[in-house]
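Enquirer: Have a look at the structure that comes next, please.
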Amino acid sequence: MVLFHLGVLDSPPRTGGPVPYEERLAEVSAPLRAELVGYLERKRATCDRKTVSATATRLKHFGVFLTDTDPALTSVRDLDRRRHIEPFLASLVDTASDKDGAPISIGDRNRRVVAVATFLRDITEWGWDAAPPRKVLFRDDIPKLPQVLPRYLPIDADRRLTAALTEHPDNELAALALRLQRACGLRIGELLDLELDCVHELDGNGAWLKVPLGKLATERMVPLDPETLEVIDRVAQIRSHGRPLPHPRYRRPTQFLFTYLGRRLTQQGVRRELDHAAETAGLGHVTSHQLRHTYATALVNAGVSLQALMALLGHQSAEMSLRYGRLFDATVRTEYERALDLAKQNTTAAAAGDTAGRTQLPLTVITGGRDWKDTPLLKSRMAGGFCLRTPAQGACSYANICEHCPSYRSEPSSLPILAAQRVDAEALARDAEERGWIDEADRHHKLIARLDALIADSETQTG
(Lines give C-alpha, C1' and ligand atoms only; values in the text may rest on other atoms or scores of the structure.)
Protein backbone atom coordinates (compact mmCIF):
# COMPACT_ATOMS: atom_id res chain seq x y z
CA MET A 1 0.00 0.00 0.00
CA VAL A 2 1.32 3.41 -0.96
CA LEU A 3 0.20 6.47 0.95
CA PHE A 4 2.72 9.06 -0.15
CA HIS A 5 1.12 10.03 -3.49
CA LEU A 6 -2.24 11.06 -2.16
CA GLY A 7 -2.83 13.73 -4.74
CA VAL A 8 -2.66 16.55 -2.25
CA LEU A 9 -1.94 20.06 -3.45
CA ASP A 10 1.54 20.02 -5.00
CA SER A 11 1.94 23.79 -4.94
CA PRO A 12 0.72 26.50 -2.57
CA PRO A 13 -2.64 28.02 -3.47
CA ARG A 14 -2.85 31.41 -5.15
CA THR A 15 -2.55 34.13 -2.54
CA GLY A 16 -3.29 37.12 -4.75
CA GLY A 17 -7.05 36.57 -4.71
CA PRO A 18 -9.37 36.38 -7.70
CA VAL A 19 -8.63 38.41 -10.82
CA PRO A 20 -10.80 41.57 -10.89
CA TYR A 21 -13.57 41.58 -13.46
CA GLU A 22 -12.14 44.69 -15.11
CA GLU A 23 -8.94 42.78 -15.77
CA ARG A 24 -10.70 39.61 -16.92
CA LEU A 25 -12.78 41.56 -19.43
CA ALA A 26 -9.93 43.80 -20.60
CA GLU A 27 -10.41 42.72 -24.25
CA VAL A 28 -13.98 44.11 -24.25
CA SER A 29 -14.44 47.75 -25.30
CA ALA A 30 -14.61 50.09 -22.32
CA PRO A 31 -18.31 51.12 -22.56
CA LEU A 32 -19.53 47.50 -22.89
CA ARG A 33 -17.06 46.33 -20.23
CA ALA A 34 -18.50 48.81 -17.73
CA GLU A 35 -22.03 47.42 -18.25
CA LEU A 36 -20.90 43.79 -17.98
CA VAL A 37 -18.78 44.44 -14.89
CA GLY A 38 -21.67 46.29 -13.23
CA TYR A 39 -23.89 43.27 -13.87
CA LEU A 40 -21.33 40.82 -12.46
CA GLU A 41 -20.86 42.94 -9.33
CA ARG A 42 -24.63 42.91 -8.80
CA LYS A 43 -24.78 39.09 -9.23
CA ARG A 44 -22.14 38.65 -6.51
CA ALA A 45 -24.77 39.68 -3.98
CA THR A 46 -27.04 36.70 -4.69
CA CYS A 47 -24.97 34.03 -6.47
CA ASP A 48 -22.14 31.72 -5.52
CA ARG A 49 -18.66 32.99 -6.35
CA LYS A 50 -18.00 30.14 -8.81
CA THR A 51 -21.31 30.81 -10.54
CA VAL A 52 -20.46 34.47 -11.07
CA SER A 53 -16.96 33.54 -12.23
CA ALA A 54 -18.36 31.17 -14.86
CA THR A 55 -20.84 33.85 -15.96
CA ALA A 56 -17.97 36.32 -16.31
CA THR A 57 -16.11 33.94 -18.63
CA ARG A 58 -19.16 33.42 -20.85
CA LEU A 59 -20.09 37.09 -21.00
CA LYS A 60 -16.47 37.89 -21.85
CA HIS A 61 -16.80 35.79 -25.03
CA PHE A 62 -19.94 37.75 -25.96
CA GLY A 63 -18.31 41.09 -25.18
CA VAL A 64 -15.20 40.28 -27.22
CA PHE A 65 -17.39 39.23 -30.17
CA LEU A 66 -19.29 42.53 -30.04
CA THR A 67 -16.04 44.49 -29.76
CA ASP A 68 -14.55 42.73 -32.78
CA THR A 69 -17.63 42.88 -35.02
CA ASP A 70 -18.96 46.33 -34.09
CA PRO A 71 -16.31 48.54 -32.42
CA ALA A 72 -18.70 51.50 -32.54
CA LEU A 73 -21.23 49.79 -30.24
CA THR A 74 -21.23 51.64 -26.91
CA SER A 75 -24.10 49.95 -25.02
CA VAL A 76 -26.01 46.68 -25.05
CA ARG A 77 -29.09 48.88 -25.25
CA ASP A 78 -28.29 49.29 -28.96
CA LEU A 79 -28.08 45.55 -29.67
CA ASP A 80 -29.71 44.59 -32.94
CA ARG A 81 -30.82 41.02 -33.55
CA ARG A 82 -29.76 40.90 -37.22
CA ARG A 83 -26.44 42.75 -36.77
CA HIS A 84 -25.31 41.33 -33.42
CA ILE A 85 -27.30 38.41 -31.97
CA GLU A 86 -27.74 36.22 -35.03
CA PRO A 87 -24.06 36.56 -36.11
CA PHE A 88 -23.01 35.72 -32.53
CA LEU A 89 -25.16 32.56 -32.53
CA ALA A 90 -23.77 31.52 -35.92
CA SER A 91 -20.17 32.13 -34.80
CA LEU A 92 -20.48 29.66 -31.92
CA VAL A 93 -20.73 26.73 -34.34
CA ASP A 94 -17.11 27.27 -35.44
CA THR A 95 -15.70 28.76 -32.23
CA ALA A 96 -12.55 26.91 -31.15
CA SER A 97 -11.86 25.83 -27.59
CA ASP A 98 -8.98 27.53 -25.78
CA LYS A 99 -7.90 24.12 -24.46
CA ASP A 100 -7.44 21.98 -27.56
CA GLY A 101 -8.40 24.13 -30.55
CA ALA A 102 -11.36 21.88 -31.40
CA PRO A 103 -14.87 23.37 -31.88
CA ILE A 104 -16.56 23.98 -28.54
CA SER A 105 -19.14 21.41 -27.46
CA ILE A 106 -22.90 21.80 -27.77
CA GLY A 107 -22.95 22.08 -23.98
CA ASP A 108 -20.52 25.01 -24.04
CA ARG A 109 -22.54 26.71 -26.80
CA ASN A 110 -25.68 26.23 -24.71
CA ARG A 111 -24.08 27.73 -21.60
CA ARG A 112 -22.75 30.78 -23.46
CA VAL A 113 -26.13 31.59 -24.99
CA VAL A 114 -27.93 31.00 -21.68
CA ALA A 115 -25.52 33.39 -19.93
CA VAL A 116 -26.26 36.13 -22.48
CA ALA A 117 -30.02 35.46 -22.34
CA THR A 118 -29.98 35.61 -18.53
CA PHE A 119 -27.96 38.84 -18.59
CA LEU A 120 -30.41 40.54 -20.97
CA ARG A 121 -33.43 39.25 -19.08
CA ASP A 122 -32.08 40.36 -15.70
CA ILE A 123 -31.20 43.92 -16.69
CA THR A 124 -34.59 44.25 -18.40
CA GLU A 125 -36.43 43.10 -15.25
CA TRP A 126 -34.28 45.39 -13.10
CA GLY A 127 -35.15 48.37 -15.30
CA TRP A 128 -31.55 49.24 -16.15
CA ASP A 129 -31.02 51.96 -18.76
CA ALA A 130 -28.69 49.55 -20.60
CA ALA A 131 -31.54 47.10 -21.28
CA PRO A 132 -32.51 46.79 -24.98
CA PRO A 133 -35.95 48.31 -25.66
CA ARG A 134 -37.14 45.13 -27.36
CA LYS A 135 -36.38 41.44 -26.95
CA VAL A 136 -33.51 40.29 -29.16
CA LEU A 137 -32.78 36.77 -27.86
CA PHE A 138 -35.44 34.05 -27.68
CA ARG A 139 -35.85 30.59 -26.18
CA ASP A 140 -35.43 28.88 -29.56
CA ASP A 141 -32.01 30.54 -29.93
CA ILE A 142 -30.62 28.38 -27.12
CA PRO A 143 -28.91 25.26 -28.57
CA LYS A 144 -30.79 22.10 -27.57
CA LEU A 145 -28.83 19.69 -25.41
CA PRO A 146 -28.99 15.95 -26.15
CA GLN A 147 -31.17 14.11 -23.63
CA VAL A 148 -28.70 11.41 -22.69
CA LEU A 149 -29.35 8.81 -20.02
CA PRO A 150 -27.11 8.51 -16.94
CA ARG A 151 -23.92 6.50 -17.51
CA TYR A 152 -24.07 3.80 -14.88
CA LEU A 153 -21.77 0.80 -14.48
CA PRO A 154 -23.31 -2.59 -15.34
CA ILE A 155 -23.62 -4.95 -12.38
CA ASP A 156 -20.57 -7.04 -13.28
CA ALA A 157 -18.37 -3.99 -13.86
CA ASP A 158 -19.60 -2.45 -10.60
CA ARG A 159 -18.63 -5.61 -8.67
CA ARG A 160 -15.20 -5.86 -10.30
CA LEU A 161 -14.41 -2.21 -9.64
CA THR A 162 -15.49 -2.50 -5.99
CA ALA A 163 -13.33 -5.62 -5.61
CA ALA A 164 -10.31 -3.81 -7.08
CA LEU A 165 -10.80 -0.85 -4.74
CA THR A 166 -11.15 -3.20 -1.76
CA GLU A 167 -8.49 -5.81 -2.47
CA HIS A 168 -5.83 -4.01 -4.53
CA PRO A 169 -5.73 -0.31 -3.59
CA ASP A 170 -2.75 1.73 -4.65
CA ASN A 171 -3.83 4.60 -2.41
CA GLU A 172 -6.02 3.25 0.36
CA LEU A 173 -7.45 6.58 1.48
CA ALA A 174 -8.55 7.45 -2.07
CA ALA A 175 -9.89 3.92 -2.58
CA LEU A 176 -11.99 4.21 0.56
CA ALA A 177 -13.26 7.60 -0.64
CA LEU A 178 -14.42 6.04 -3.91
CA ARG A 179 -16.14 3.18 -2.07
CA LEU A 180 -17.96 5.72 0.10
CA GLN A 181 -18.96 7.71 -2.98
CA ARG A 182 -20.43 4.56 -4.56
CA ALA A 183 -22.24 3.59 -1.35
CA CYS A 184 -23.89 7.00 -0.85
CA GLY A 185 -24.21 8.50 -4.34
CA LEU A 186 -22.11 11.56 -3.56
CA ARG A 187 -20.76 14.13 -5.96
CA ILE A 188 -16.97 14.26 -5.76
CA GLY A 189 -17.02 17.78 -4.27
CA GLU A 190 -19.44 16.64 -1.56
CA LEU A 191 -17.24 13.60 -0.89
CA LEU A 192 -14.05 15.57 -0.33
CA ASP A 193 -15.83 18.23 1.76
CA LEU A 194 -17.12 15.66 4.28
CA GLU A 195 -16.23 16.68 7.81
CA LEU A 196 -14.89 14.39 10.50
CA ASP A 197 -18.19 14.42 12.42
CA CYS A 198 -20.31 13.65 9.33
CA VAL A 199 -21.87 10.46 10.81
CA HIS A 200 -24.96 11.01 12.95
CA GLU A 201 -26.62 8.32 15.05
CA LEU A 202 -30.37 8.80 15.50
CA ASP A 203 -32.24 6.87 18.17
CA GLY A 204 -34.37 4.24 16.46
CA ASN A 205 -33.31 5.42 12.99
CA GLY A 206 -29.76 4.13 12.67
CA ALA A 207 -26.74 5.96 11.27
CA TRP A 208 -26.90 8.77 8.72
CA LEU A 209 -24.28 10.63 6.69
CA LYS A 210 -24.54 14.41 6.69
CA VAL A 211 -23.67 15.48 3.14
CA PRO A 212 -22.30 19.05 3.03
CA LEU A 213 -23.37 21.86 0.75
CA GLY A 214 -22.64 20.88 -2.82
CA LYS A 215 -23.53 21.76 -6.38
CA LEU A 216 -27.08 22.92 -5.56
CA ALA A 217 -26.15 24.59 -2.24
CA THR A 218 -28.22 22.16 -0.17
CA GLU A 219 -27.36 19.77 2.64
CA ARG A 220 -28.95 16.35 2.99
CA MET A 221 -28.84 13.18 5.11
CA VAL A 222 -28.16 9.75 3.58
CA PRO A 223 -28.79 6.52 5.54
CA LEU A 224 -25.77 4.30 6.18
CA ASP A 225 -25.63 0.51 6.31
CA PRO A 226 -23.11 -1.46 8.45
CA GLU A 227 -20.72 -2.05 5.53
CA THR A 228 -20.52 1.66 4.74
CA LEU A 229 -19.97 2.45 8.43
CA GLU A 230 -16.98 0.07 8.33
CA VAL A 231 -15.56 2.03 5.39
CA ILE A 232 -15.87 5.30 7.34
CA ASP A 233 -14.33 3.68 10.44
CA ARG A 234 -11.34 2.57 8.36
CA VAL A 235 -10.93 6.10 7.00
CA ALA A 236 -10.91 7.43 10.56
CA GLN A 237 -8.13 4.94 11.40
CA ILE A 238 -5.72 5.84 8.60
CA ARG A 239 -6.36 9.57 8.16
CA SER A 240 -3.92 12.01 9.74
CA HIS A 241 -4.91 14.00 12.78
CA GLY A 242 -3.74 17.56 12.40
CA ARG A 243 -4.71 21.16 12.71
CA PRO A 244 -8.05 22.24 11.22
CA LEU A 245 -7.94 23.51 7.64
CA PRO A 246 -9.91 26.43 6.16
CA HIS A 247 -13.29 25.38 4.77
CA PRO A 248 -13.55 26.31 1.05
CA ARG A 249 -17.05 27.76 1.52
CA TYR A 250 -17.02 29.31 4.98
CA ARG A 251 -13.27 29.80 5.61
CA ARG A 252 -13.81 28.56 9.17
CA PRO A 253 -11.28 26.02 10.54
CA THR A 254 -12.59 22.50 9.82
CA GLN A 255 -11.51 18.95 10.49
CA PHE A 256 -12.09 17.15 7.19
CA LEU A 257 -12.59 13.40 6.92
CA PHE A 258 -10.16 12.81 4.06
CA THR A 259 -6.83 14.27 5.15
CA TYR A 260 -3.27 12.92 5.31
CA LEU A 261 -0.07 14.54 6.52
CA GLY A 262 -1.84 17.83 7.09
CA ARG A 263 -3.30 18.08 3.59
CA ARG A 264 -6.65 17.28 2.04
CA LEU A 265 -7.22 14.55 -0.50
CA THR A 266 -7.73 16.13 -3.94
CA GLN A 267 -9.87 15.27 -6.93
CA GLN A 268 -6.69 14.45 -8.86
CA GLY A 269 -5.69 11.91 -6.21
CA VAL A 270 -9.15 10.30 -6.34
CA ARG A 271 -9.07 10.13 -10.14
CA ARG A 272 -5.63 8.51 -10.15
CA GLU A 273 -6.86 5.80 -7.79
CA LEU A 274 -10.00 5.27 -9.90
CA ASP A 275 -7.87 4.87 -13.04
CA HIS A 276 -5.71 2.32 -11.20
CA ALA A 277 -8.74 0.36 -9.98
CA ALA A 278 -10.38 0.40 -13.43
CA GLU A 279 -7.18 -0.94 -15.00
CA THR A 280 -6.91 -3.63 -12.30
CA ALA A 281 -10.54 -4.64 -12.90
CA GLY A 282 -10.02 -4.80 -16.66
CA LEU A 283 -12.42 -1.95 -17.37
CA GLY A 284 -12.18 1.00 -19.71
CA HIS A 285 -12.22 4.64 -18.64
CA VAL A 286 -14.47 5.22 -15.61
CA THR A 287 -15.35 8.59 -14.07
CA SER A 288 -16.12 9.16 -10.41
CA HIS A 289 -19.55 10.59 -11.31
CA GLN A 290 -20.47 7.23 -12.83
CA LEU A 291 -20.40 5.85 -9.27
CA ARG A 292 -23.20 8.29 -8.40
CA HIS A 293 -25.15 7.19 -11.48
CA THR A 294 -24.60 3.54 -10.52
CA TYR A 295 -25.89 4.18 -6.98
CA ALA A 296 -29.06 5.83 -8.32
CA THR A 297 -29.64 3.15 -10.97
CA ALA A 298 -29.37 0.38 -8.39
CA LEU A 299 -32.02 2.12 -6.26
CA VAL A 300 -34.34 2.54 -9.26
CA ASN A 301 -34.01 -1.16 -10.10
CA ALA A 302 -34.87 -1.97 -6.48
CA GLY A 303 -38.11 0.04 -6.77
CA VAL A 304 -37.25 3.18 -4.78
CA SER A 305 -39.86 5.93 -4.98
CA LEU A 306 -39.21 9.15 -6.90
CA GLN A 307 -39.50 11.22 -3.71
CA ALA A 308 -36.93 9.08 -1.89
CA LEU A 309 -34.55 9.16 -4.87
CA MET A 310 -34.74 12.97 -4.99
CA ALA A 311 -33.94 13.19 -1.28
CA LEU A 312 -31.01 10.75 -1.49
CA LEU A 313 -29.43 12.42 -4.52
CA GLY A 314 -30.09 15.98 -3.37
CA HIS A 315 -32.11 16.88 -6.46
CA GLN A 316 -34.35 19.94 -6.35
CA SER A 317 -36.61 18.93 -9.25
CA ALA A 318 -38.31 15.67 -10.13
CA GLU A 319 -37.07 16.04 -13.71
CA MET A 320 -33.47 15.46 -12.60
CA SER A 321 -34.34 12.21 -10.83
CA LEU A 322 -36.73 11.03 -13.55
CA ARG A 323 -33.72 10.58 -15.84
CA TYR A 324 -32.85 7.51 -13.80
CA GLY A 325 -36.44 6.30 -13.85
CA ARG A 326 -36.34 6.25 -17.65
CA LEU A 327 -33.46 3.78 -17.58
CA PHE A 328 -35.59 0.88 -16.44
CA ASP A 329 -39.26 1.86 -16.59
CA ALA A 330 -41.12 -1.18 -15.28
CA THR A 331 -44.39 0.08 -16.76
CA VAL A 332 -42.86 0.35 -20.23
CA ARG A 333 -41.43 -3.14 -19.90
CA THR A 334 -44.74 -4.58 -18.69
CA GLU A 335 -46.70 -2.91 -21.47
CA TYR A 336 -44.16 -4.04 -24.05
CA GLU A 337 -44.41 -7.66 -22.91
CA ARG A 338 -48.21 -7.47 -22.79
CA ALA A 339 -48.42 -5.97 -26.28
CA LEU A 340 -45.90 -8.50 -27.60
CA ASP A 341 -47.91 -11.40 -26.18
CA LEU A 342 -51.07 -9.98 -27.74
CA ALA A 343 -49.35 -9.54 -31.11
CA LYS A 344 -48.11 -13.12 -30.99
CA GLN A 345 -51.59 -14.37 -30.12
CA ASN A 346 -53.12 -12.41 -33.01
CA THR A 347 -50.46 -13.64 -35.42
CA THR A 348 -51.05 -17.24 -34.34
CA ALA A 349 -54.80 -16.87 -34.73
CA ALA A 350 -54.47 -15.34 -38.21
CA ALA A 351 -52.06 -18.05 -39.32
CA ALA A 352 -54.54 -20.69 -38.17
CA GLY A 353 -57.24 -19.13 -40.38
CA ASP A 354 -59.25 -17.71 -37.50
CA THR A 355 -61.77 -15.55 -39.37
CA ALA A 356 -64.34 -15.36 -36.62
CA GLY A 357 -62.12 -13.38 -34.31
CA ARG A 358 -58.75 -13.27 -32.65
CA THR A 359 -57.80 -14.97 -29.40
CA GLN A 360 -57.96 -12.67 -26.40
CA LEU A 361 -55.45 -12.65 -23.57
CA PRO A 362 -56.99 -13.63 -20.23
CA LEU A 363 -58.12 -10.54 -18.32
CA THR A 364 -55.94 -11.47 -15.33
CA VAL A 365 -52.86 -11.40 -17.56
CA ILE A 366 -53.72 -7.88 -18.74
CA THR A 367 -54.62 -6.45 -15.33
CA GLY A 368 -52.17 -8.44 -13.24
CA GLY A 369 -55.06 -9.60 -11.07
CA ARG A 370 -56.09 -6.05 -10.15
CA ASP A 371 -59.41 -4.35 -10.73
CA TRP A 372 -59.53 -3.16 -14.34
CA LYS A 373 -60.17 0.44 -13.24
CA ASP A 374 -56.82 0.54 -11.35
CA THR A 375 -54.55 -0.71 -14.14
CA PRO A 376 -52.02 1.65 -15.81
CA LEU A 377 -53.93 1.50 -19.11
CA LEU A 378 -56.23 3.66 -21.24
CA LYS A 379 -59.66 2.56 -20.03
CA SER A 380 -63.19 3.12 -21.31
CA ARG A 381 -66.48 2.09 -19.69
CA MET A 382 -69.28 1.09 -22.07
CA ALA A 383 -72.81 0.06 -21.35
CA GLY A 384 -72.11 -3.63 -21.73
CA GLY A 385 -68.49 -3.84 -20.60
CA PHE A 386 -65.17 -2.03 -20.80
CA CYS A 387 -62.11 -1.58 -23.04
CA LEU A 388 -58.42 -1.68 -22.09
CA ARG A 389 -55.61 -0.29 -24.28
CA THR A 390 -51.92 0.23 -23.55
CA PRO A 391 -50.68 3.85 -23.69
CA ALA A 392 -48.34 2.72 -26.47
CA GLN A 393 -51.41 2.00 -28.63
CA GLY A 394 -52.73 5.52 -28.12
CA ALA A 395 -56.30 6.60 -27.47
CA CYS A 396 -59.01 4.77 -29.42
CA SER A 397 -60.78 7.00 -31.94
CA TYR A 398 -63.95 4.91 -31.48
CA ALA A 399 -64.07 5.10 -27.68
CA ASN A 400 -67.66 5.78 -26.53
CA ILE A 401 -68.54 6.83 -30.06
CA CYS A 402 -72.15 5.69 -29.67
CA GLU A 403 -72.80 7.81 -26.59
CA HIS A 404 -71.65 10.90 -28.50
CA CYS A 405 -73.59 10.13 -31.68
CA PRO A 406 -76.58 12.51 -32.22
CA SER A 407 -78.66 9.49 -33.25
CA TYR A 408 -78.12 7.79 -29.88
CA ARG A 409 -81.17 7.62 -27.63
CA SER A 410 -81.64 6.35 -24.12
CA GLU A 411 -84.75 5.31 -22.26
CA PRO A 412 -85.84 5.39 -18.62
CA SER A 413 -85.01 1.70 -18.13
CA SER A 414 -81.36 2.52 -18.94
CA LEU A 415 -80.99 5.06 -16.12
CA PRO A 416 -79.22 2.64 -13.71
CA ILE A 417 -76.78 1.64 -16.47
CA LEU A 418 -76.05 5.24 -17.41
CA ALA A 419 -75.58 6.20 -13.75
CA ALA A 420 -73.12 3.34 -13.20
CA GLN A 421 -71.25 4.30 -16.37
CA ARG A 422 -71.01 7.88 -15.13
CA VAL A 423 -69.56 6.77 -11.76
CA ASP A 424 -66.88 4.76 -13.57
CA ALA A 425 -66.15 7.63 -15.97
CA GLU A 426 -65.46 9.96 -13.02
CA ALA A 427 -63.11 7.39 -11.48
CA LEU A 428 -61.31 6.93 -14.80
CA ALA A 429 -60.95 10.71 -15.23
CA ARG A 430 -59.32 10.99 -11.79
CA ASP A 431 -57.05 8.05 -12.57
CA ALA A 432 -55.93 9.65 -15.86
CA GLU A 433 -55.26 13.01 -14.18
CA GLU A 434 -53.13 11.36 -11.48
CA ARG A 435 -51.07 9.63 -14.17
CA GLY A 436 -50.63 12.87 -16.09
CA TRP A 437 -52.70 11.72 -19.08
CA ILE A 438 -54.44 15.05 -19.63
CA ASP A 439 -55.95 14.24 -23.03
CA GLU A 440 -57.34 11.00 -21.68
CA ALA A 441 -58.85 12.83 -18.68
CA ASP A 442 -60.47 15.37 -21.02
CA ARG A 443 -62.04 12.53 -23.00
CA HIS A 444 -63.63 11.13 -19.85
CA HIS A 445 -64.90 14.56 -18.81
CA LYS A 446 -66.57 15.01 -22.21
CA LEU A 447 -68.22 11.62 -21.76
CA ILE A 448 -69.45 12.64 -18.28
CA ALA A 449 -71.03 15.78 -19.75
CA ARG A 450 -72.73 13.71 -22.45
CA LEU A 451 -73.97 11.17 -19.89
CA ASP A 452 -75.42 13.99 -17.77
CA ALA A 453 -77.41 15.15 -20.80
CA LEU A 454 -78.63 11.61 -21.53
CA ILE A 455 -79.61 11.03 -17.89
CA ALA A 456 -81.48 14.34 -17.78
CA ASP A 457 -83.31 13.43 -20.99
CA SER A 458 -84.24 10.00 -19.64
CA GLU A 459 -85.49 11.47 -16.36
CA THR A 460 -87.65 13.90 -18.33
CA GLN A 461 -89.25 10.93 -20.07
CA THR A 462 -90.16 9.38 -16.71
CA GLY A 463 -91.89 12.58 -15.63
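The values are calculated or read from the model by the stated rules, or taken from the named source; none is laboratory data. Computed from a predicted structure; not experimentally measured. When we count neighbours, we look across all protein chains shown, and the Cβ atoms used for this are built from the backbone with ideal geometry, even at glycine. What goes into the accessible areas is simple: the full protein's heavy atoms, side chains included, and nothing from ligands, DNA or RNA. Shrake-Rupley method; radii C 1.70, N 1.55, O 1.52, S 1.80 Å.
Enquirer: With +1 on each Lys and Arg Cβ and -1 on each Asp and Glu Cβ, and nothing else charged, work out how big the dipole of segment 75-159 is about its Cα centre, in Debye to the nearest 20.
Expert: Value, rounded to 20: 220 debye.
Enquirer: Another question, then. So I have [x] 24.9; [y] 35.7; [z] 23.6, and one of them is mean projected area of the Cα convex hull in nm² calculated from this model. Which one is it?
Expert: [y]
Enquirer: Let me ask something else. Just how far, in whole angstrom, is segment 207-282 from segment 112-167 if you go by their alpha carbon centroids?
Expert: Measuring centre to centre over Cα atoms gives 27 Å.
Enquirer: Calculate what fraction, in whole %, of the accessible area of segment 84-173 sits on carbon and sulfur atoms when a 1.4 Å probe is rolled over the protein chains.
Expert: Of all accessible area on segment 84-173, carbon and sulfur atoms account for 53 percent.
Enquirer: I would also like to ask the following. Stretch S414-D98 to full length: gain in nm at 0.36 nm per residue minus the Cα-Cα span?
Expert: Roughly 106.1 nm would be gained on extension.
Enquirer: Please list, ordered by chain and number, the residues whose modelled amide H lies under 5 Å from the amide H of Y260; skip anything fewer than 5 residues away on the same chain.
Expert: Hits under the 5 Å cutoff: S240, L265.
Enquirer: Under the rule of at least 5 residues apart or a separate chain, name every residue whose amide H is placed under 5 Å from the amide H of M382.
Expert: C387
Enquirer: Percent relative contact order of the chain, based on C-alpha pairs within less than 8 angstrom and at least six residues apart?
Expert: Answer for the chain is 12 percent.
Enquirer: Additional query: Over the chain, how many pairs of lysines fall under 16 Å by alpha carbon, counting only those 8 or more apart in sequence or from different chains?
Expert: 4
Enquirer: Which helices pass in the chain if a helix is a full DSSP H run, must span at least 24 angstrom along its long axis by Cα, and must have mean Kyte-Doolittle hydropathy not below 1.6?
Expert: None pass (Cα extent of 24 Å or more, hydropathy at least 1.6).
Enquirer: Follow-up question, since we're still on this one. At 1.4 Å probe size, with the rest of the protein present, what percent of the exposed accessible area of segment 185-329 is carbon and sulfur atoms?
Expert: Accessible surface attributable to carbon and sulfur in segment 185-329 totals 53 percent.
Enquirer: While we're here: What whole-number value in Å² describes the accessible area per residue of the chain for a 1.4 Å probe?
Expert: Result: 57 Å² per residue.
Enquirer: Also: Once you charge only the Cβ atoms, +1 for Lys and Arg and -1 for Asp and Glu, what is the size of the charge dipole of the chain about its Cα centre, to the nearest 20 debye?
Expert: 920
Enquirer: Same structure again: Are there GluC sites (Glu not before Pro) in segment 165-260 that DSSP marks as loop and that have at most 14 other Cβ atoms within 10 Å, and which are they?
Expert: E219
Enquirer: Probe 1.4 Å, all protein chains in place: accessible area of M382 in Å², nearest 10?
Expert: Surface open to solvent at M382 totals about 70 Å².
Enquirer: Would you mind finding the longest exposed-site-free stretch of the chain, with exposed chymotrypsin sites (Phe, Trp or Tyr not before Pro) meaning DSSP loop and at most 16 other Cβ atoms within 10 Å?
Expert: Excluding the exposed sites themselves, the longest stretch runs over 5-125.
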